[in-house]
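Heads up, the thing below is written out as structure tokens.
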Amino acid sequence: PIRCGILRNDMSGGGPMTKTERLDKLARDGEERLLLARAMDKMDLAQRKNIPASTGFLSPSERVSVENLIAASGHPAHLFFGGYEGAERTICVFLPDWQEPEEFQALAMAGEGPVAALRCTYNADAGLTHRDFLGAILGRGIDREKVGDLLVGADSCDLLVLEELAGYLLMDLDSAGRARLRTKRLPLDQLQPPEVKVRQIRDTVATPRLDAVAAAAFSTSRSKAADLISAGRVQLNYRDCLKADRLVEEGDVLSCRGLGKAVVKSLGGQSKKGRTMLEIE
């Protein structure tokens, strides 16, 4: 999705908030503070030098944090880009006043941007997984923020990486797990994202609490869902949530490590037994 806007000073007590004040307000811990400080540096660079400036790849949770920063900073012009539509890990690009989001995206898709794609091919019987490729890359001392989605197929894996890393991996990434790899550069428009498997669920709950909705979404009992929540395995809108009684709303995204992701498509209406009807995808 492309999101852009016009920068306005964020007001606090009649004046613009300082960088420290914004970080104090938004960051929940030291790790998030560092993430937001780096994003703020890129935002300031784009405004000061009037050039596009981008973050590293953000996880969905980190993206939510950066979106909150953008909102608190007056919605400067920006877009999130992961190399293909629907990418889970994306960079945030802060744009100069002379460039539209569509212009940046067109250049990036033509190979003139900060995201590059590589294709690793191997024997189909190697049985390589996402973990094999991520381990092979991070084992070379590469930071996770430099690597986007890894699209693993039967005999190939498409890697999304920062352009600055592409040349090194082209030369050095020759194995993953116990398999030999053949790695080449790939145009972004030739990426092959795996097909997303979606299942429609219609159910009813006594109340739209997180444990009840998670139980319906992941086909488990409410008590088991509550255990998953208390164990920190469930996220609500890409944020960790340990409160089983948190109310879920239409449009919310639930994630559970090991079980997948679900979107609440509709919520409301009463069944004949007085239960709340919901539709989940």
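One residue stands out among those in the stretch 155-210 that are polar (S, T, N, Q) and within 21 Å of Leu254 (Cβ to Cβ): the one that is surrounded by the most Cβ atoms within 10 Å (Cβ to Cβ), which is Thr204. Considering the conditions (1) assigned to a helix (DSSP H, G or I); (2) within 27 Å of Asp149 (Cβ to Cβ); (3) open to solvent by 40 Å² or more (accessible area, probe 1.4 Å), Asp227 is excluded by exactly one of them, (2).
All conditions but one from (1) aliphatic (A, V, I, L, M); (2) in contact with a helix residue (DSSP H, G or I) (Cβ under 8 Å, 6 or more places away or on another chain); (3) at pLDDT 95 or above apply to Ala217; the one that does not is (2). Could you go through the stretch 113-125 and let me know if any residue there is under 27 Å from Gly258 (Cβ atoms), in contact (Cβ under 8 Å) with a residue 12 or more places away in the chain and open to solvent by less than 50 Å² (accessible area, probe 1.4 Å). There is at least one residue in the stretch 113-125 that is under 27 Å from Gly258 (Cβ atoms), in contact (Cβ under 8 Å) with a residue 12 or more places away in the chain and open to solvent by less than 50 Å² (accessible area, probe 1.4 Å). Looking across the stretch 56-80, the residues that are open to solvent by 20 Å² or more (accessible area, probe 1.4 Å) and either among the polar types (S, T, N, Q) or within 14 Å of the chain's Cα centre (by Cα) (or both) come down to Ser59, Pro60, Ser61, Glu62, Arg63, Val64, Glu67, Asn68.
The single condition among (1) at pLDDT 95 or above; (2) in contact with an Asp or Glu (Cβ under 8 Å, 6 or more places away or on another chain); (3) within 23 Å of Glu21 (Cβ to Cβ); (4) not basic (Lys, Arg) that Gln47 does not satisfy is (2). Among all positions in the stretch 246-268, there is no residue which is in contact with a Cys (Cβ under 9 Å, 6 or more places away or on another chain), without any contact (Cβ under 8 Å) to a residue 60 or more places away in the chain and among the β-branched types (Val, Ile, Thr). Of all residues in the stretch 126-136, none satisfies being open to solvent by 20 Å² or more (accessible area, probe 1.4 Å), closer than 13 Å to Arg185 by Cα and of a type in the set (Ser, Thr, Tyr).
Considered as a group, the residues in the stretch 257-271 that are out of contact with any helix residue (DSSP H, G or I) (no Cβ under 6 Å at 6 or more places or on another chain) and among the hydrophobic types (A, V, I, L, M, F, W, C) include one that is most open to solvent (accessible area, probe 1.4 Å), and that residue is Leu259.
The values are calculated or read from the model by the stated rules, or taken from the named source; none is laboratory data. The model shown is predicted, which means the values in this text are computed figures rather than measured ones. Because the Cβ atoms are built from the backbone with ideal geometry, glycine has one as well, and the counts that use them run over all protein chains shown. For the accessible areas, the whole protein counts, side chains as well, though only heavy atoms, and no ligand, DNA or RNA atoms are used. Shrake-Rupley method; radii C 1.70, N 1.55, O 1.52, S 1.80 Å.
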